[in-house]
Amino acid sequence: MKMSQRGMEKPLPELTDEEREIYRRQIMMSGFGEEGQRKLKEATVLITRVGGLGGPAAMELAMAGIGRMIVIHSGVVELSNLNRQNLMGYDQLGKSRAKAAEASLKKLNPGMELVIYTDEIHDGNSAERLKGVDVAIDSPPTLEERFSLNRGCMKAGVPMVEASMYGMEGQVTTFVPGRTGCLECLYPVRPEWHIPFPVLGAVSGIIGCIAAIEAVKVITGFGQPLKDILLHFDAEDNTMKRIPIRRRPGCPVCSDL
């Protein structure tokens with residue numbers, strides 16, 4: 001059984017024979033099984049921006065069998081997107097990025113319910129967008145969007161996977177309202193940030209895939225999410241560091257949760 005955000009128990013959906021075959025290799029994993037797959041089918045994930053980070057995360061979650069995905073991405077496809085945004089191509093130049101991503105994701109999982117927004121997340125729409133969401137992936141290029149989603153997730157009680165990168169480095173952590181800190185704890189003083197910033201597509205792809213794994217772990221209970229741990233990856237020497245992080249007393253966003 002799964003507890004929904006409405007506070008009512010509901011049975012997990014059954015898998016079709018086709019789904020059992022598609023996801024057979026996942027179901028084979030010890031501790032995951034058919035129950036884990038059914039949890040994915042029942043779940044809703046929200047992804048802010050599906051570019052270099054969010055695109056690989058969305059792609060992997062679609063192929064993993066997520067039941068419902070909410071994609072938020074503004075703007076149109078540009079040439080400068082094509083070194084990293086794997087859901088978009090030359091034939092979509094000048095077209096909506098969100099709609100381009102929609103077409104690609106539907107090819108990967110036609111049965112997935114896909115909700116598309118062609119704007120950006122902000123304080124005025126986050127509460128509505130997060131209704132019914134089981135986990136959110138935070139991957140936009142602007143700090144304003146990131147902190148808005150953080151505030152919305154903490155208020156709504158939605159776990160948030162925080163994924164970011166710069167050049168050859170990237171990092172991922174998972175914030176769980178009431179149990180861990182939040183993005184405001186991690187950055188009580190806003191870091192200096194400029195757009196555009198350097199991106200090697202393979203690096204953003206690695207970080208996006210780790211974010212997808214975190215979302216799967218949060219949804220299914222399989223494995224250990226990066227709670228209170230910031231995973232830092234440096235592609236220059238292929239090293240990973242697990243950096244302990246903690247809830248900040250007096251945080252204006254999460255201290256009262």
Would you mind ranking SER80, SER126 so that the residue whose beta carbon has the fewest other beta carbons within 10 Å leads the list?
SER80, SER126
Excluding residues fewer than 8 positions from LYS227 in its own chain, the aspartates and glutamates with Cα under 17 Å of it are ASP134, ASP138, GLU162, GLU184, GLU214
Neighbour counts of other C-beta atoms within 10 Å: give me CYS254, CYS185, CYS209 arranged from fewest to most.
CYS209, CYS185, CYS254
What list of ³J(HN,Hα) couplings, whole Hz, do you get for the stretch 74-89 from phi and the Karplus terms 6.51, -1.76, 1.60, once you set θ to phi - 60° and write x for glycine and proline?
9, x, 10, 5, 10, 4, 5, 7, 7, 7, 8, 8, 6, 8, 10, x
In what order do GLU145, GLU128, GLU34 fall by count of nearby beta-carbon atoms within 10 Å, going from fewest to most?
GLU128, GLU34, GLU145
Around GLU102: net Lys/Arg minus Asp/Glu count, Cβ-Cβ under 15 Å:
+4
What is the dipole size for the stretch 43-244, taken about its Cα centre, with +1 at each Lys and Arg Cβ and -1 at each Asp and Glu Cβ, in debye to the nearest 20?
480 debye
Computed ³J(HN,Hα) along the stretch 222-236: with the Karplus parameters 6.51/-1.76/1.60, θ = phi - 60°, integer Hz and x for glycine or proline, the list is 8, x, 10, x, 7, 7, 6, 9, 9, 8, 10, 10, 10, 6, 5
Residue by residue through the stretch 173-187, what is 3J(HN,Hα) from phi via Karplus (6.51 cos²θ - 1.76 cosθ + 1.60, θ = phi - 60°)? Round to whole Hz and write x for glycine and proline.
8, 10, 9, 10, x, x, 10, 10, x, 9, 4, 5, 5, 5, 10
Placing one identical point scatterer on every Cα of the stretch 43-244 and ignoring solvent, what is log10 I(q)/I(0) from the Debye formula at q = 0.17 Å⁻¹?
-1.15
For the peptides 64-75, 110-121, 16-27, 81-92, what is the packing order when you average, over each peptide's residues, the other Cβ atoms within 10 Å and list the highest mean first?
64-75, 81-92, 110-121, 16-27
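All of the numbers you see were taken from the coordinates with simple rules; none came from a lab. Being a predicted model, the structure only gives us computed values, none of them experimental. Ideal geometry is used to build each Cβ from the backbone, glycine not excepted, and the neighbour counts take in all protein chains shown.
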